[in-house]
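Taking it in order: structure first as structure tokens, then the write-up.
The values are calculated or read from the model by the stated rules, or taken from the named source; none is laboratory data. Keep in mind that this is a model prediction, so the values were computed, not measured. Glycine also receives a Cβ, built like all others from the backbone with ideal geometry; neighbour counts cover every protein chain displayed. SASA here: full protein model, heavy atoms, side chains in, ligands and nucleic acids out. Shrake-Rupley method; radii C 1.70, N 1.55, O 1.52, S 1.80 Å.
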Amino acid sequence: MTTRRPDVDEMQRMGFFGKAWLALRAMYALAKNIVDPWGQQAFQWALDGWGIGRVARRAKHSELGRHLLETRPLLAIDLERYAQYPEGTLGHFLAQWFRAWKLEPFPARRVPQSDLEYFVDRLYFTHDVWHALCGLGTDLRNELRFLAVLLSQYASGSGLMALVLGWLRVPFNDGVVAFLTMPYEAFRFYRWGQRSMDLCFVPWEALLDQPLEAVRAQFLAADRPRIGEWQTWPTPRIVLPPKLEAEAGVMGDTAVSTS
């Protein structure tokens, strides 16, 4: 017999023990299918609801945050439309980024019923957009660097768990030296995230026709860490790991360029 899955309204009303139970159910669902939509949403509500609640409250004291709450831009990504923007713009770059990293936009959810739910969904839908804006890929080490940026801006139980578990995988993927240097790299990106604009409030949907580097200069701190493949910043290049480079049939670290 299958136990009924609680919906979003029930998730929001749960207390500490209810959310602990929800987290266990979500992890079980994701262990069977990592892209289970309910599992992903339940995991967010169980581990991140408190932290995202702070984001929603903070939005009311920010001009950009208030604008998002008043307009609630449609949480959808249309790569075909973005590809039509001129080369060098944020929209064109996002279309290239998703395709280069073989990413698909997240599936639609119900229309958010509250400010809190809106930001829960915004964090979910725009995760890969922020990856692109920060120039950090979705391979393991760059994911950990990016998680450090997010953790500098909002409390995320799932992000902290992913950072620790991901770090423990690093020696098997990238070797012992990478395992030892990863905490320092994460710390540097954490500090950079603190100096940058709160990514939750970046109105990227209204900036698709703007030059990519102008958008980065407006919202991101200039002193981005120069680590590994990123010796210069800002840069419009999309740097892929060797495996994806081979699959894409590209050469060197200039897989995609918007310059």
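Determine which lysines satisfy two conditions relative to K60: a Cα distance under 29 Å, and not lying fewer than 8 residues away in the same chain.
The reachable lysines, counting only those whose Cα sits under 29 Å from K60, are K19.
Go from 0 up to the bin containing the longest alpha carbon distance in the chain, width 10 Å each, and give me the % of pairs per bin.
6, 28, 37, 23, 6, 0
Report the full-extension gain for the segment Y28 to A155: residue separation times 0.36 nm, less the Cα-Cα distance, to one decimal in nm.
43.4 nm
Could you state the principal axis extents of the C-alpha atoms in the stretch 54-94, from the largest down, to the nearest angstrom?
Its Cα atoms span 36, 18, 16 Å along the three principal axes.
Taking amide hydrogens as modeled 1.01 Å from N in the peptide plane, which residues meet the under 5 Å criterion relative to L207, leaving out close sequence neighbours?
When sequence neighbours closer than 5 places are left aside, there are no close amide H contacts.
Rounded to the nearest 500, what is the chain's calculated 222 nm mean residue ellipticity when only DSSP H runs of at least 4 contribute -39500 (n - 2.57) each, over all residues? Working shown, then result.
Details: 13 runs with 154 residues, N = 259.
Calculated from helices alone, the mean residue ellipticity at 222 nm is -18500 deg cm²/dmol.
Calculate the length of the line joining the C-alpha centroid of the stretch 1-53 to that of the stretch 135-181, in whole Å.
Here the two parts' Cα centres lie 22 Å apart.
Provide, for q = 0.15, 0.18 Å⁻¹, the log10 of I(q)/I(0) from a solvent-free Debye sum over equal Cα point scatterers in the stretch 103-151.
Listed by q, the Debye log ratios stand at -0.46, -0.62.
Stretch L74-D139 to full length: gain in nm at 0.36 nm per residue minus the Cα-Cα span?
On the way: separation 65, 0.36 × 65 = 23.40 nm, distance 2.78 nm.
Full extension from L74 to D139 adds 20.6 nm.
Would you mind getting the Kirkwood hydrodynamic radius of the stretch 1-140 from its Cα pairs, rounded to one decimal in Å?
16.7
Name the residues whose placed amide hydrogens come within less than 5 Å of the amide hydrogen of T89, ignoring near sequence neighbours (fewer than 5 apart) on the same chain.
Answer set, sorted by chain and number: L212.
How far, in nm, would the chain grow between E10 and A214 when pulled straight, counting 0.36 nm per residue and subtracting the alpha carbon separation?
Taking E10 through A214 to full extension adds about 69.2 nm, to one decimal.
Once you charge only the Cβ atoms, +1 for Lys and Arg and -1 for Asp and Glu, what is the size of the charge dipole of the chain about its Cα centre, to the nearest 20 debye?
In debye, rounded to 20, the chain gives about 780.
Roughly speaking, what % of Cα-Cα pairs in the stretch 85-181 are separated by over 19 Å, rounded to a whole number? Don't skip to the end; give the middle numbers.
Values: 2459 of 4656 pairs.
Cα-Cα pairs in the stretch 85-181 separated by more than 19 Å: 53 percent.
Any idea which of F219, L47, V120 is furthest toward the positive side of the dipole for the chain, if Lys and Arg beta-carbons carry +1 and Asp and Glu beta-carbons -1?
Going by the charge dipole, the pick is L47.
Between helix 16-32 and the chain, what is the angle of the helix's C-alpha long axis to the longest principal axis, kept within 0 to 90° and rounded to the nearest 10?
That helix lies at roughly 50 degrees to the long axis.
When you take every Cα atom in the stretch 147-228, what is the radius of gyration, and what is Dmax, the widest Cα pair distance, in Å?
14.8, 43
In Å², what does the accessible area per residue of the chain work out to with a 1.4 Å probe?
Per residue, the chain has 50 Å² of solvent-accessible surface.
Name the residues whose placed amide hydrogens come within less than 5 Å of the amide hydrogen of I238, ignoring near sequence neighbours (fewer than 5 apart) on the same chain.
A255, V256
Quick one: pull the percent of accessible area on the chain belonging to carbon and sulfur, 1.4 Å probe, ligands and nucleic acids left out.
60
Which distance in nm do the two modelled labels at L180 and V35 give, with both placed 7 Å along the Cα-to-Cβ direction?
3.9
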